[in-house]
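What follows is one structure encoded as structure tokens, with my remarks underneath.
The values are calculated or read from the model by the stated rules, or taken from the named source; none is laboratory data. The shown structure was predicted, so the numbers you read here are calculated from the model rather than taken from an experiment. Virtual Cβ from ideal backbone geometry, glycine too; neighbours counted across all protein chains shown.
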Amino acid sequence: MTSSHTGLSAIVTGGNSGIGRATAAKLMADGARVLVVDVQSEPTWTAEHLQYYQADVAAEGSPAGIIACALDHFGQLDFLINNAGMVGGSDVERMTDDAWDRILDVNLKAVFKLSRAAIPHLKKSRRGRIVNIGSIMSYLAGPGMGAYTTSKHAVAGLTKTLALELGAFGITANYILPGAIATGITAPAIAADPSFTEFWTKKSAIGRLGQPEDIANAINFLLTAEAAFITAHGLAVDGGVMVNP
Ligand SMILES: NC(=O)c1ccc[n+]([C@@H]2O[C@H](COP(=O)([O-])OP(=O)(O)OC[C@H]3O[C@@H](n4cnc5c(N)ncnc54)[C@H](O)[C@@H]3O)[C@@H](O)[C@H]2O)c1
């Protein structure tokens with residue numbers, strides 16, 4: 001299926017690596033202009049229609065700065081991809097307040113705050129779209145992953161709410177549930193422990209880890225005009241692992 005985002009503009013958070021980078025590249029290949037936001041001080045890549053904005057999405061003032069930068073460069077905002085995220089923490093008994101707060105601030109509160117700042121501009125778009133990156137942990141749970149699991153479950157609830165509030169303006173809001181994807185987040189586990197890749201490969205009906213492009217392609221579809229009636233949906237892009245207990 002072909003799609004075209006010519007004349008449309010996007011914000012992709014966490015776009016310096018992994019899923020965010022593949023997504024920004026895909027959107028630009030289909031004609032969008034993209035503001036990549038990342039906490040890293042320098043962009044890891046460049047492209048003709050890419051602008052870079054360095055920010056911690058959870059920092060005070062980041063949402064206003066990110067939106068202002070997008071409007072300065074593009075004059076409009078059509079797609080918001082809330083992708084930046086982090087893992088960490090411990091089991092609940094040993095979880096510190098700081099670890100809990102940081103994971104919830106980055107994975108959830110920043111999604112709320114940037115969405116809130118983007119809404120007035122998405123309402124002016126002819127094709128407003130929000131895609132939030134959840135996880136299979138938006139549905140499943142794992143010991144030692146309480147803060148991450150809580151944040152990703154909440155991203156699902158927030159996305160459904162956004163869909164209901166914004167549908168009247170032609171804006172869709174959906175979330176993706178990636179499975180085990182080979183990115184910066186999983187690189188340490190993949191490198192340290194061969195059983196990580198083995199476990200997720202066996203669990204997948206497709207028989208491999210996901211690649212960032214697998215997620216980018218799904219996000220890109222949700223941004224198309226053809227996906228206008230898909231909203232409040234959680235799309236698993238996991239090679240089938242969630243149905244394989
Ligand atoms: N890789 C997986 O297996 C997997 C599975 C499920 C969900 N996810 C989700 O996918 C999203 C993207 O992660 P990825 O796998 O591509 O990892 P990644 O580490 O390759 O990319 C994450 C990017 O986000 C940036 N980032 C992190 N914290 C930030 C912050 N506070 N402000 C701005 N930028 C920040 C990082 O610098 C990095 O460039 C995350 O939300 C993650 O939870 C990943």
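Taking the stretch 172-196 as the range and being touching a helix residue (DSSP H, G or I) at 6+ places or on another chain (Cβ under 7 Å) and more than 14 Å from the ligand (Cβ to nearest atom) as the test, the residues that pass are Thr172, Ala173, Asn174.
Select from the stretch 1-59 the residues that are among the hydroxyl-bearing types (Ser, Thr, Tyr), modelled with pLDDT of 95 or more and over 11 Å from Ala84 (Cα atoms) and write down the one among them that is surrounded by the fewest Cβ atoms within 10 Å (Cβ to Cβ). Step through it out loud before you land on a result.
Kept after step one, since they are among the hydroxyl-bearing types (Ser, Thr, Tyr), are these residues of the stretch 1-59: 2-4, 6, 9, 13, 17, 23, 41, 44, 46, 52-53.
Those still in the list that are modelled with pLDDT of 95 or more too: 6, 9, 13, 17, 23, 41, 44, 46, 52-53.
Now restrict to residues that are over 11 Å from Ala84 (Cα atoms): 6, 9, 23, 41, 44, 46, 52-53.
Values: Thr6: 9, Ser9: 23, Thr23: 31, Ser41: 7, Thr44: 12, Thr46: 9, Tyr52: 18, Tyr53: 20.
In this case the residue turns out to be Ser41.
Close contacts from the stretch 179-190, counting a first residue that is within 14 Å of Ile133 (Cβ to Cβ) and a second that is near the ligand (Cβ under 8 Å from one of its atoms) and assigned to a strand (DSSP E or B), with Cβ to Cβ under 6 Å and a gap of 6+ residues or different chains, come to Gly179/Gly210; Ile181/Gly210. Among the residues of the stretch 196-212, those that are surrounded by fewer than 16 Cβ atoms within 10 Å (Cβ to Cβ) and either part of a helix (DSSP H, G or I) or among the charged types (D, E, K, R) (or both) comprise Glu198, Phe199, Thr201, Lys202, Arg208. Residues of the stretch 53-96 that are touching a helix residue (DSSP H, G or I) at 6+ places or on another chain (Cβ under 9 Å), of a type outside the set (Val, Ile, Thr) and within 15 Å of Leu27 (Cβ to Cβ): Ala70, Gln76, Leu77, Asp78, Phe79, Leu80, Asn82, Asn83. Here Ala232 fulfils each of the conditions (1) over 18 Å from Leu140 (Cα atoms); (2) touching a helix residue (DSSP H, G or I) at 6+ places or on another chain (Cβ under 8 Å); (3) surrounded by 18 or more Cβ atoms within 10 Å (Cβ to Cβ); (4) not aromatic (Phe, Trp, Tyr) apart from (3). Taking first residues from the stretch 3-20 that are hydrophobic (A, V, I, L, M, F, W, C) and partners that are more than 6 Å from the ligand (Cβ to nearest atom) and in a loop (DSSP other than H, G, I, E, B), the Cβ contacts under 7 Å between residues at least 6 apart in sequence or on separate chains come to Leu8/Ala32; Leu8/Asp78; Leu8/Arg127; Ala10/Ala32; Ala10/Asp78; Ile11/Leu77.
Pairs linking a residue in the stretch 23-38 that is at negative phi to a residue that is part of a helix (DSSP H, G or I) and among the small types (Gly, Ala, Ser), with Cβ atoms under 7 Å and 6 or more positions apart or on different chains, are Thr23/Ala216; Lys26/Ala216; Val34/Ala24; Leu35/Ala70; Val36/Ala24. Scanning the stretch 177-205 for residues that are within 23 Å of the chain's Cα centre (by Cα), among the aliphatic types (A, V, I, L, M) and more than 18 Å from Asn217 (Cα to Cα) turns up Ile185, Ala187, Ala189, Ile190. For the stretch 155-195, residues that are β-branched (Val, Ile, Thr), over 30 Å from Lys124 (Cβ atoms) and outside any loop (DSSP other than H, G, I, E, B) total 2.
Restricting to the stretch 120-171, name every residue that is within 16 Å of the ligand (Cβ to nearest atom) and among the hydroxyl-bearing types (Ser, Thr, Tyr). Result: Ser135, Ser138, Tyr139, Tyr148, Thr149, Thr150, Ser151, Thr159.
Counting only residues that are of a type outside the set (S, T, N, Q), within 24 Å of Phe221 (Cβ to Cβ) and more than 9 Å from the ligand (Cβ to nearest atom), give me the helices (runs of 4 or more DSSP H) lying completely in the stretch 1-119 with at least 3 of them.
Details: elements: 18-29, 62-74, 97-104.
Filter on the stretch 1-119 gives 18-29.
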